[in-house]
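Read through the structure below, which is laid out as structure tokens, and then see the notes.
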Amino acid sequence: MRVLVIGGTLFIGRALVKALQKAGHRVSVMHRKPSHDLGARVGNLVADRNDGKQVRAALAGQRFDAVFDNVYDWERRTTAKQVVATAQACGDHLTRYVFMSSVAAYGEGLDHRESDALAPDDHERDYILDKAQSERALFELHAKGGFPAVTLRPPYIYGPENPFYREQFFWDRMRAGRPILIPGEGERLMQFAYVHDLVSACLLALEKPRAVGEAFNIANPRAVTQRQFVTALTKAAGLKVKRVEVPRNRIEKAGGNPMGDPMYFGVYLDMPPITQRIDKARRLLGFRPTAFEEGLRETYGWYQRKFRGPELNTEFEEALMAG
């Protein structure tokens, strides 16, 4: 197949491009830079996916059998209108349009199935709203005209080349002999998806005819608490660590930011829990997730070999723990 990956130069996209090539597909990427480092065999389309005119110009004269839409602009948002504009610009000959959504599309709650309602149109958080509305819009295109939409809903994604400072945040501190701050009692649930499992699900969505018109939760089947997550990270690295519980209201009062600096528990890892079930992906796609422990060991191997993160700054955490 001729396959276009929108946003193929980072994390999920890079792993997906490699997997598609290995499977024998002809792959191109669409991104904003004039070139990429994915090799001469990967085609290069230049466009800002939020700009409908640029997308149509880049796709003029091109014909793809399948499209993977992986991009969300965290600074400017990527709305349902922009997603639909991209989908329509791809033409009416697609066999698959695989949209990378998120467990966040549910808005809140535990043990979600794909049949559960998505977040309402008046949700206060832009990312949740955009993902939910984009899915509804794509499935409306499918219902009205057979547009071959498939959506995937992963939770926290981890693995080699992760651009978000998540598992690396903890390993940096463990290796430096620093204690780990635990928000509250560390009982908030989190669920993870290994990046290579997500890529595997992308290829299954491309290959399985029954995938068209469906949404799929893609994740490790078991959610873990924040304390269990830290324990899993220590085991993957073969390290020991001291944990210090700090009341969440104290963290909030001091200005702790779950999305960035001042950081205290990795990027985005201290949020109200949203979890999901993966029975449907197992049944219809044949999805088989990697054991969490195995995925973390492989990620720690990459971390040791290649990761070069920010200069370690633990002042905020230390002040909270001292208090």
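The values are calculated or read from the model by the stated rules, or taken from the named source; none is laboratory data. Bear in mind the structure is a predicted one, so any value in this text is a computation, not a measurement. With ideal geometry, Cβ positions are generated from the backbone for all residues, glycine too; neighbour counts draw on all protein chains shown.
Okay, here's what the table says:
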item	result
Every pair of residues 6+ apart whose Cβ atoms lie under 6 Å, when the first sits in segment 310-322 and is assigned by TED's automatic domain parsing to the domain that holds Pro183 and of a type outside the set (Gly, Ala, Ser) while the second is surrounded by 11 or more Cβ atoms within 10 Å (Cβ to Cβ) and assigned to a helix (DSSP H, G or I)	Leu312/Asp172
Residue within segment 53-65 that is under 22 Å from Phe147 (Cβ atoms), among the acidic types (Asp, Glu), in contact with a Phe, Trp or Tyr (Cβ under 8 Å, 6 or more places away or on another chain) and surrounded by 15 or more Cβ atoms within 10 Å (Cβ to Cβ) present	no
Residues that are surrounded by fewer than 24 Cβ atoms within 10 Å (Cβ to Cβ), more than 11 Å from Ala87 (Cα to Cα) and aliphatic (A, V, I, L, M), drawn from segment 134-151	Ala143
Test: residue in segment 284-300 that is under 17 Å from the mean Cα position of the chain (by Cα), surrounded by fewer than 16 Cβ atoms within 10 Å (Cβ to Cβ) and either at pLDDT below 95 or under 20 Å from Ile180 (Cα atoms) (or both)	no
Yes/no for Arg77 being surrounded by fewer than 17 Cβ atoms within 10 Å (Cβ to Cβ), out of contact with any Lys or Arg (no Cβ under 8 Å at 6 or more places or on another chain) and closer than 14 Å to Lys131 by Cα	yes
Of the criteria (1) of a type in the set (A, V, I, L, M, F, W, C); (2) farther than 25 Å from Gly13 by Cβ; (3) within 26 Å of the chain's Cα centre (by Cα), which one Val241 fails	(3)
